[in-house]
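What follows is one structure encoded as structure tokens, with my remarks underneath.
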Amino acid sequence: MDDSLLNTPTKKVIDQETRSLIDRLPMERIPLAGIARAVQVSEPWLPNYVNQKYASVPRQVQVRRKKREVNDSM
């Protein structure tokens, strides 16, 4: 591991385009560690971001009734 990264931490603002990409990648079943490497965000930041996204999704399932077709041909 490169020790220079530990000595010079940087605070990077994640732009909206990167966040949009991150929002789509878990649906492709890509592990978070792989996503962090691919989009170049920190591994500690990514699970926090993903957990916040999942927490904002409504948990209630909406079910709609289908109209039943009447079969008069019998």
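Values computed for the structure shown
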quantity: Pairs where the first residue, in the range 13-30, is aromatic (Phe, Trp, Tyr) and the second is in a helix (DSSP H, G or I) and modelled with pLDDT of 90 or more, C-beta under 6 Å, 6+ apart; calculated: none
quantity: Identity of the residue in the range 44-60, in a helix (DSSP H, G or I) and among the hydrophobic types (A, V, I, L, M, F, W, C), that ends up surrounded by the most Cβ atoms within 10 Å (Cβ to Cβ); calculated: Leu46
quantity: Flag if Ile30 is at pLDDT 80 or above and assigned to a loop (DSSP other than H, G, I, E, B); calculated: yes
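Yes/no matrix, rows are residues, columns are (1) at pLDDT below 90; (2) assigned to a loop (DSSP other than H, G, I, E, B):
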| site | (1), (2) |
| --- | --- |
| Thr10 | yes, yes |
| Val13 | yes, yes |
| Glu17 | no, no |
| Ile35 | no, no |
| Ser42 | no, yes |
| Gln62 | yes, yes |
| Lys66 | yes, yes |
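The values are calculated or read from the model by the stated rules, or taken from the named source; none is laboratory data. Quick caveat, the model's predicted, so the values are computed rather than measured. Ideal geometry is used to build each Cβ from the backbone, glycine not excepted, and the neighbour counts take in all protein chains shown.
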